[in-house]
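The values are calculated or read from the model by the stated rules, or taken from the named source; none is laboratory data. Since the model is a prediction, treat every value here as computed from it, not as a measurement. In this analysis, Cβ positions are derived from the backbone assuming ideal geometry, glycine residues included, and neighbour counts consider all displayed protein chains.
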Amino acid sequence: MSKSTDYTPEEWKAISSAPMLAGLLVSVSDLSGPVGMVKEAMAVVKSVTESAGNTSNELIRAVAEGVKAGSGAPDTSELRSTPANARAILIERCKQAAALVGQKSPTEAEEYKRWLVSLARKAAEASKGGGFLGIGTLVSDAENAALRDIAAALGVSSA
């Protein structure tokens, strides 16, 4: 079982920011306005912090504790481009974080990857889109595509 001290500061930043990046992937895939984006971000933060007490995976617990303490905020400066480019960058950064975990803690890598996808799903389910007065689609086609893309990139199921 790994912990933050098993990684360089740069590696740990990549690993600990990936949960928020996974949620952000859904947000940029189908922009649901400021209220929807806040709901999606809040859903990810809530899911991450709840993970701290609901897992035996020490790596996930350490990342979740860091988010609870206010760390793990990703650098989003390179995302100021087209949504398609931002999606590609977000997927690549999640993939890089998962690869780091796979290199240093292969036994935790699969669960970490599934966790990232589950956080993206929580973000997708946080705000209905395409509707009026709260009536709409829970997870849009674009969000489902983003979930499939991140799951495929990480080599896990999107369910």
Among (1) modelled with pLDDT under 90; (2) among the small types (Gly, Ala, Ser); (3) closer than 24 Å to Lys46 by Cβ, which single condition is Ser81 missing? (3)
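Please verify whether Ala43 is of a type in the set (A, V, I, L, M, F, W, C) and modelled with pLDDT of 85 or more, treating the condition exactly as stated.
Details: of a type in the set (A, V, I, L, M, F, W, C): yes; modelled with pLDDT of 85 or more: no.
Here the answer is no, as Ala43 does not meet what is asked.
Taking Leu59 as the residue in question, decide whether it is touching a Ser or Thr at 6+ places or on another chain (Cβ under 6 Å), at pLDDT 90 or above and either within 12 Å of Pro19 (Cβ to Cβ) or surrounded by fewer than 21 Cβ atoms within 10 Å (Cβ to Cβ) (or both).
Considered against the rule, which asks whether it is touching a Ser or Thr at 6+ places or on another chain (Cβ under 6 Å), at pLDDT 90 or above and either within 12 Å of Pro19 (Cβ to Cβ) or surrounded by fewer than 21 Cβ atoms within 10 Å (Cβ to Cβ) (or both), Leu59 comes out as yes.
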Which residues, counting only those in region 62-87, are surrounded by fewer than 21 Cβ atoms within 10 Å (Cβ to Cβ) and farther than 15 Å from Ser16 by Cβ? Ser77, Glu78, Leu79, Arg80, Ser81, Thr82, Pro83, Ala84, Asn85, Ala86
Out of curiosity, is Leu90 over 21 Å from Ala41 (Cβ atoms), surrounded by 15 or more Cβ atoms within 10 Å (Cβ to Cβ) and aliphatic (A, V, I, L, M)? no
Hey, any hits in region 77-93 for a residue that's of a type outside the set (Val, Ile, Thr) and not in a helix (DSSP H, G or I)? yes
With the first residue restricted to region 63-77 and required to be at pLDDT 80 or above, and the second required to be not in a helix (DSSP H, G or I), Cβ contacts under 8 Å at 6 or more apart or on different chains are Val63/Gly72; Ala64/Thr55; Gly66/Gly72
Ser51 - would you say it is in a helix (DSSP H, G or I), over 19 Å from Ala145 (Cα atoms), of a type outside the set (A, V, I, L, M, F, W, C) and touching a Phe, Trp or Tyr at 6+ places or on another chain (Cβ under 8 Å)? yes
Can you confirm whether Val156 is surrounded by 19 or more Cβ atoms within 10 Å (Cβ to Cβ), modelled with pLDDT of 85 or more and assigned to a loop (DSSP other than H, G, I, E, B)? yes
